[in-house]
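Below is one structure; the comments refer to it alone.
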Amino acid sequence: MRWPNLDESKSLVFTPGKTLTEIHKSTHKGIKMIEQIFILITGPFAAYLSQTSGNCAKYACLFGMAGQPFWFYATYKAEQWGMFVLCFFYAFAWAQGIKNYWLKPKGGNHEIR
């Protein structure tokens, strides 16, 4: 049995046949796939709900805000700084929806400005 040489990345093996670099790449691909799936689900669903009439529209901000962490992560990792900054504006808009639909008291004696 030979001890792994830490100076050689190819010799540090955690699973049979895979190097540390290969494990990192496959893990990163898995995280990237999860991030893309969440963006695919939350984004269009939030947009659709925002355009519905009736009681369903109030759920758009919940789906939109649920997708924001994945947008932040994806744009940061891709170094798309314009899109990254834009994510803050979208998060603020979805937060306004949460405030208006879910956190404001219904009825009562509050003043509308």
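Rule-based calculations on the coordinates, nothing more; no lab input. Since the structure is predicted, the reported quantities are computational estimates derived from the model, not experimental observations. Glycine also receives a Cβ, built like all others from the backbone with ideal geometry; neighbour counts cover every protein chain displayed.
Take the Cα of LYS58, step 7 Å toward its Cβ, do the same at LYS32, and the gap between the two points is 4.1 nm. About its Cα centre, region 17-103 has a charge dipole of approximately 120 debye under the convention of +1 per Lys or Arg Cβ and -1 per Asp or Glu Cβ, with nothing else charged. For the listed peptides 95-104, 62-71, 36-45, a ranking on the average number of other beta carbons within 10 Å per residue, highest first, reads 62-71, 36-45, 95-104. For region 17-103, the alpha carbon positions stretch 56, 24, 20 Å along the principal axes, listed from largest to smallest. Couplings 3J(HN,Hα) of region 64-79, computed from phi: x, 5, 5, x, 4, x, 6, 5, 4, 4, 5, 6, 5, 5, 8, 6 Hz, in residue order, whole Hz [Karplus 6.51 cos²θ - 1.76 cosθ + 1.60, θ = phi - 60°; x for Gly and Pro].
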